[in-house]
Amino acid sequence: MFQTLYSYFWWERLWLPANLTWADLEDRDGRVYAKASDLYITLPLAFLFLIVRHLFETYVATPLAGLLNVKEKIRLKATPNAVLEKFYATTTKHPKQAEVELLSKKSGCSVRQVERWFRRRRNQDRPSLLKKFREASWRFTFYLIAFIAGMAVIVDGPWDTHGSGWWPQKGVRPSLSSLQSMLPSQYWYYMIELSFYWSLLFSIASDVKRKDFKEQIIHHVATIILISFSWFANYIRAGTLIMALHDSSDYLLEVGMCWGGRGGWSPPLTAAPPVRIMHCTVVYPLDLYPAFFGYYFFNFMMVVLQSLHIFWAYLIIRMAQKFITGKARTGGGWGGLGAPRGQRGRVVEDERSDREETDNSEEEEEAAKNGPLSNGHPVLNNNHRKTD
């Protein structure tokens, strides 16, 4: 049974053009080709990445955060309450009004106190600014190094952006000279990139969770599948260019994550639509051989990634629009350094992140009960100070 499934999975007509077989990709005459078994090393390398990341965040990113004046926001802690804590942990973090009223009776707190307790308790679970900064610093460092490495790999070999050197020639059985042999630089570039995305997938449960958590999982899985498939199907030239294209913008986006949170703003940076690469993977191969499953599978995964990029580009444009139109939240941030003159203190909130509730929500309560706020503090009426 297993052998039958194995044979069907590696059926040549699934993954390779009609004029190519697995035998053609066996090493000979000093030429080395990519093999699926090469990818086994990426799993232990992924765990090595997790160790290196921990050391980087501890001994590099944390001191850097101190130098850049990344300060934690003081959060009011929820008063210990067994009834509310049990409901929070086992039922929901966002109780409805009827549930709030029921909890008020059970806990002996007023409805307003229950609502305030849940706001503060939710904020306790939100990741700190330091954690966000450390993660963004790690990703920035990797993507920058990977981009430089990708450029070196491209320079290291013969590249053709029109795609004529990517695929076997039409109607002829590929010769050894027409197949894409693997360069040592390509091998390590692929192994490191794939290992890194495995590490991101392994750590996603403990990383900062944002509203696009599901999209992040889809992205990591699709990227791992696309890199792996392009490797064992010997689409390594197309895969190398695609990875280099993504790395060219990813490290700039992480700069925005690190610096924009300090009160400044970063422009909506994203990879330009890879029109030429899409032409080489969608249109050009059809001039060489009939479409096959691997062709559809490869381009489908490309469309999945491109759709996610469009989604994230939309969120970035929304952030930019808020900044330009003056709708950015004021105050907070990581110090306001780096923002344009006259705009310091304006923070463009990450569209993917949950909004911090405590300050704004409680200020509204203070304003409703005691009047407007002055310098962030309530102007008290009737000489009474608000208490919990």
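The values are calculated or read from the model by the stated rules, or taken from the named source; none is laboratory data. The structure displayed is predicted, hence computed values, not measured ones. Here Cβ is always computed from backbone atoms with ideal geometry, including for glycine, and neighbour counts include all displayed protein chains. For accessibility, only protein heavy atoms count, side chains too; no ligands or nucleic acids. Shrake-Rupley method; radii C 1.70, N 1.55, O 1.52, S 1.80 Å.
Would you check if there is a residue in region 50-62 being modelled with pLDDT of 90 or more, assigned by the TED database to the domain that holds Trp198 and among the charged types (D, E, K, R)?
Just the residues of region 50-62 that are modelled with pLDDT of 90 or more, to begin with: 50-62.
Applying the additional criterion that residues be assigned by the TED database to the domain that holds Trp198 yields 50-62.
Filter once more, so that each one left must be among the charged types (D, E, K, R): 53, 57.
Yes, some residue in region 50-62 is modelled with pLDDT of 90 or more, assigned by the TED database to the domain that holds Trp198 and among the charged types (D, E, K, R).
How many residues are more than 21 Å from Tyr295 (Cβ to Cβ) and touching a residue at least 60 places away in the same chain (Cβ under 8 Å) when one looks only at region 1-38?
Qualifying residue count, region 1-38: 5.
Yes/no matrix, rows are residues, columns are (1) open to solvent by less than 80 Å² (accessible area, probe 1.4 Å); (2) in contact with a Phe, Trp or Tyr (Cβ under 8 Å, 6 or more places away or on another chain); (3) not in a helix (DSSP H, G or I):
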site: Phe49; (1), (2), (3): yes, yes, no
site: Pro63; (1), (2), (3): yes, no, no
site: Lys73; (1), (2), (3): no, no, yes
site: Lys77; (1), (2), (3): no, no, yes
site: Leu84; (1), (2), (3): yes, yes, no
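Looking at this structure, is Ile242 over 28 Å from Leu64 (Cβ atoms), assigned to a helix (DSSP H, G or I) and modelled with pLDDT of 80 or more? Spell out how you get there, then give the answer.
Numbers: over 28 Å from Leu64 (Cβ atoms): yes; assigned to a helix (DSSP H, G or I): yes; modelled with pLDDT of 80 or more: yes.
The answer is yes for Ile242.
Out of curiosity, is Ser137 assigned by the TED database to the domain that holds Trp188 and either touching a residue at least 40 places away in the same chain (Cβ under 8 Å) or surrounded by fewer than 18 Cβ atoms within 10 Å (Cβ to Cβ) (or both)?
Considered against the rule, which asks whether it is assigned by the TED database to the domain that holds Trp188 and either touching a residue at least 40 places away in the same chain (Cβ under 8 Å) or surrounded by fewer than 18 Cβ atoms within 10 Å (Cβ to Cβ) (or both), Ser137 comes out as yes.
Quick one: in region 97-156, which of the residues that are of a type in the set (Val, Ile, Thr) and within 27 Å of the chain's Cα centre (by Cα) is nearest to Ile74 (Cα to Cα)?
Filtering region 97-156 for residues of a type in the set (Val, Ile, Thr) gives 100, 111, 114, 141, 145, 148, 153-155.
Right, trim to within 27 Å of the chain's Cα centre (by Cα) and you get 141, 145, 148, 153-154.
Working: Thr141: 29, Ile145: 35, Ile148: 39, Val153: 47, Ile154: 48 Å.
Among those that are of a type in the set (Val, Ile, Thr) and within 27 Å of the chain's Cα centre (by Cα), it is Thr141.
Given the criterion in contact with a Phe, Trp or Tyr (Cβ under 6 Å, 6 or more places away or on another chain) and exposed (fewer than 15 other Cβ atoms within 10 Å of the Cβ), identify the matching residue among Ala36, Ala23.
Matching residue, one of Ala36, Ala23: Ala36.
Return the residues of region 2-43 that are aliphatic (A, V, I, L, M), under 33 Å from the mean Cα position of the chain (by Cα) and part of a helix (DSSP H, G or I); say none if nothing qualifies.
Once the filter is applied, which keeps residues that are aliphatic (A, V, I, L, M), under 33 Å from the mean Cα position of the chain (by Cα) and part of a helix (DSSP H, G or I), region 2-43 yields Leu14, Ala36, Leu39, Ile41, Leu43.
Could you check how many residues of region 86-125 are of a type in the set (A, V, I, L, M) and open to solvent by 30 Å² or more (accessible area, probe 1.4 Å)? Please lay out each step first, then the result.
So in region 86-125, the residues of a type in the set (A, V, I, L, M) come out as 89, 98, 100, 102-103, 111, 114.
If we keep only those that are open to solvent by 30 Å² or more (accessible area, probe 1.4 Å) too, we end up with 89, 98, 102, 111.
Total satisfying the criteria: 4.
Would you check if Thr92 is of a type outside the set (Gly, Ala, Ser) and part of a helix (DSSP H, G or I)?
no
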